[in-house]
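The values are calculated or read from the model by the stated rules, or taken from the named source; none is laboratory data. Every value quoted in this text rests on a predicted model; they were computed, and no experiment measured them. Here the Cβ positions follow ideal geometry from the backbone for every residue, glycine too, while neighbour counts run over all protein chains shown. Side chains are part of the model used for accessible areas, which takes the heavy atoms of the whole protein and leaves out ligands, DNA and RNA. Shrake-Rupley method; radii C 1.70, N 1.55, O 1.52, S 1.80 Å.
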Amino acid sequence: MSRPEDTLSADIHYNDTEARKYTTSSRIQNIQASMTHRALELLDLSSPSLILDVGCGSGLSGEILSSIPPEEGGPHVWIGMDVSASMLDIALQRDVEGDLMLADIGQGVPFRAGTFDAAVSISAIQWLCNAESSEISPAGRLSRFFNGLYASLKRGGRAVCQFYPKNDEQKKMITGAAVKAGFGAGLLEDDPETKNVKVYLVLTAGAGSTSDITGVVKGMDGVDVLDPRRKREAGKGDIKKGSKAWIVKKKEQMERKGKVVKATSKYTGRKRRIAF
Amino acid sequence: MKILSLNFLTCAVKACKSSSASYPLHPKDAELVQDDIELNPQLLVNLMPRIDWSALSTTATELGFPALPAQPPTPEELEADEQKLKDLHNLLMQTQIMEGKLVCGNCGHEYAVREGIANFLLPSHLV
């Protein structure tokens with residue numbers, strides 16, 4: 001499928017016709033609804049909260065936030081940001097309950113510190129990876145967004161951003177930017193390795209009830225935790241100084257520095273036999 | 001835009017981040033509308049500690065509301081006194097700015113509000 005992100009910026013792509021098409025398509029409505037419910041499940045909110053909807057568009061996700069019944073902790077109040085005026089126009093016509101703002105998330109999040117209990121973003125943050133002019137860079141846009149988001153969430157607050165990464169590189173770039181801003185970050189993939197894969201970036205701001213990001217999915221059914229951090233931590237102490245693995249590691253380090261290094265062979269790291 | 005949101009918004013200009021004058025934004029030529037929204041007591045109690053009371057007082061005076069009490073109500077007071085809760089709900093949730101401008105006290109940048117939507121798009125040299 002073609003990616004609109006590759007050709008145009010969000011405010012130009014979602015003109016009046018595209019915005020209408022997007023909002024009236026029942027297929028998109030269903031997908032958006034199921035993703036919003038999944039995001040809410042991950043946010044795990046127990047009482048009515050103030051939520052930031054990043055890239056709220058025509059308010060498809062916001063509608064769900066306002067309609068959560070009291071026994072499930074709702075209804076929530078939300079403030080939506082979007083860069084497309086046409087999308088917001090449709091949101092006005094649909095008479096959504098949240099507050100709307102015309103703003104570019106790549107320019108930051110203009111709220112004072114600790115404003116929101118949580119943030120959701122459905123199919124929006126991949127748009128940050130595009131730069132339309134030479135003055136702005138994807139990395140700069142990502143860092144302004146995540147820094148702003150981190151500040152505007154209350155400590156212990158969570159954010160769930162569903163997005164469509166173009167490739168692994170983009171996934172890494174977005175996650176890296178979030179970690180750099182101070183978030184505890186994890187990626188949750190629903191239906192991995194299928195065409196319908198859905199990627200959720202789960203973020204925690206500051207120390208909360210769950211200090212580790214994996215705590216967010218604890219107790220959820222059918223979630224496998226793959227934690228690449230563990231391996232690195234464990235690997236550090238394992239290599240004994242003077243062993244073959246240690247020597248090979250050192251040689252690689254030297255090679256990376258541009259030094260001339262002898263090739264590794266089966267003799268590497270072996271003791272010389274005593275000649276006499 | 002609700003008065004509640006206005007209580008959380010700051011100026012988006014980079015140079016204003018460090019200045020205390022950039023918050024709160026001052027409404028100018030504001031046209032207000034009263035909306036009917038269902039009262040949600042739990043939400044207001046949850047929000048109360050996060051609301052900047054002095055900023056809210058400033059905004060209320062600027063919009064021509066009667067002066068607010070000097071001290072913010074405590075959560076217990078709110079739970080006990082329904083009238084207080086209703087007044088607060090009326091001000092924070094039901095009052096909406098439909099048209100007008102929001103002005104930063106530091107740099108003087110004006111954010112236009114049209115049909116209840118504030119425009120926070122900035123030219124690239126201010127980001």
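Semi-axis lengths, largest first, of the ellipsoid equivalent to the stretch A:61-153 are 26, 17, 10 Å, with √(5λ) applied to each eigenvalue of the Cα gyration tensor.
Mean residue ellipticity at 222 nm, helices only, the protein assembly as shown: -9500 deg cm²/dmol; runs of at least 4 DSSP H residues each add -39,500 (n - 2.57), and the sum is divided by the number of residues. Take chain A with all the other protein chains still there, run a 1.4 Å probe, and you get 55 Å² of accessible area per residue. The orientation-averaged projection of the convex hull spanning the C-alpha atoms of the protein assembly as shown amounts to 26.6 square nanometres.
Computed about its Cα centre, the charge dipole of chain A is approximately 3540 debye, with only Lys, Arg, Asp and Glu carrying charge at their Cβ. Positive contributions from Lys and Arg (+1) and negative ones from Asp and Glu (-1), summed over other residues with Cβ under 11 Å from the Cβ of residue A:241, come out at +3. Every Cα-Cα pair of the stretch B:3-126 was included, and the share exceeding 24 Å stands at 30 percent.
Here the stretch A:236-275 was treated as a single set of alpha-carbon atoms; its pair distances binned every 5 Å from 0 give 5, 22, 26, 21, 17, 6, 3, 0 percent.
Counting only protein heavy atoms and using a 1.4 Å probe, the accessible area of residue A:3 comes to about 60 Å². By the Cβ-Cβ criterion of under 4.7 Å, the unpaired cysteines of the protein assembly as shown are A:56, A:129, A:161, B:107. Coordinate range of the alpha-carbon atoms in the stretch A:4-234 per principal axis, descending: 53, 48, 39 Å. The 1.4 Å probe gives accessible areas that order B:99, A:169, largest first, as A:169, B:99. Chain A contacts chain B over a buried accessible area of about 2400 Å², both sides summed; the probe is 1.4 Å and only protein chains count.
In the stretch A:43-79, the residues that give up 10 Å² or more of accessible area when the other protein chains are added, compared with the chain on its own (1.4 Å probe), are A:47, A:48, A:50, A:75, A:77, A:79. Across the accessible surface of the protein assembly as shown, with the other protein chains kept in place and a 1.4 Å probe, carbon and sulfur atoms take up 51 percent.
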